[in-house]
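The structure under discussion appears below in the form of structure tokens.
The values are calculated or read from the model by the stated rules, or taken from the named source; none is laboratory data. Everything numeric here is computed off the predicted structure, so don't read it as measured data. So basically every Cβ, Gly included, is an ideal-geometry build from the backbone, and we count neighbours across all protein chains shown. When the accessible area is computed, the model is the full protein with side chains, heavy atoms only, and any ligands, DNA or RNA have been set aside. Shrake-Rupley method; radii C 1.70, N 1.55, O 1.52, S 1.80 Å.
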Amino acid sequence: MILENLASICLLIFAAFFGGFIRRLSGFGGALIMTPLLMWIFPIPFLIPIVMCSEVFGGALLSRHWKLHPGDRSRLWYMLIFSAIFLPLGIWLSGFIPLVVLKSATSGVILFFASYLLLKPHIQLNATRFLDGLAGGLSGLLLGSCGIGGPPAALYLNSTNQAFDRTRSLLSQFVSGISVFAIAAASLMGGGIDWLIYLLPAIPVYWLGMRLANSVLAAHAISDSDLKRLCLFLLIANAGFNLLLLFIFK
């Protein structure tokens, strides 16, 4: 039992460190790193608050660096409202899906998402209220069912004709907002509050990951485009590793 708990804590520390590292570099991706790893040791309603508390913590720190564009405030609230509506539905649906399917689907979504952005398909969308709401709703549904909510919003926002810095700020604020909703919904729908004890190692290590990423950014040794590719390669490697483990131990 002691060895099992030690292994769980070590995996949590590893996931939190790289989650913080990716979140600082790209504005999203912390949950995409942490969730597939933590699904090996925690059920979905239990891991969601752990991951989302880390994301809220990261978002609070990043808010000092990335200010939301005034023109994006109404879009942010519109996306958050729809995510809050569909998030509980996703949590409810996850109770009917076998765990191995959830693990495979989560890593599969991340693999597709990261590969899609890496290939840079020439798809441009005009931002509309309908698409804002659709992206927010899909993010909430995916977060509740699989523990990750960033891909639909990130794919949508990266397909709009908008500067990267502005997109990164909006996406980071959205991730923080949806994280707050997820913490409350997951705790009320089966997660309880026992997950709080796991924040003691997770938050400091997440912060250390962000500090390392901040040092990388401060060195100005890597361009924004190279940083984005680095983050996407790390997401692909993480998702591919988890799918390999699922294939081996199925």
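Things worth noting here:
- Filtered residues of the range 195-212 (kept if closer than 15 Å to Gly59 by Cβ and either touching a Phe, Trp or Tyr at 6+ places or on another chain (Cβ under 6 Å) or surrounded by fewer than 16 Cβ atoms within 10 Å (Cβ to Cβ) (or both)): Ile203, Gly209
- Here Arg24 fits the description: touching a residue at least 12 places away in the same chain (Cβ under 8 Å) and closer than 25 Å to Ser215 by Cα.
- Residues satisfying the stated conditions in the range 163-192, i.e. free of Cβ contacts under 8 Å to residues at least 40 places away in the same chain and open to solvent by 60 Å² or more (accessible area, probe 1.4 Å): Ala163, Leu188
- Unmet requirement for Asp132, which otherwise passes all of (1) modelled with pLDDT of 80 or more; (2) open to solvent by 60 Å² or more (accessible area, probe 1.4 Å); (3) out of contact with any Pro (no Cβ under 9 Å at 6 or more places or on another chain): (2)
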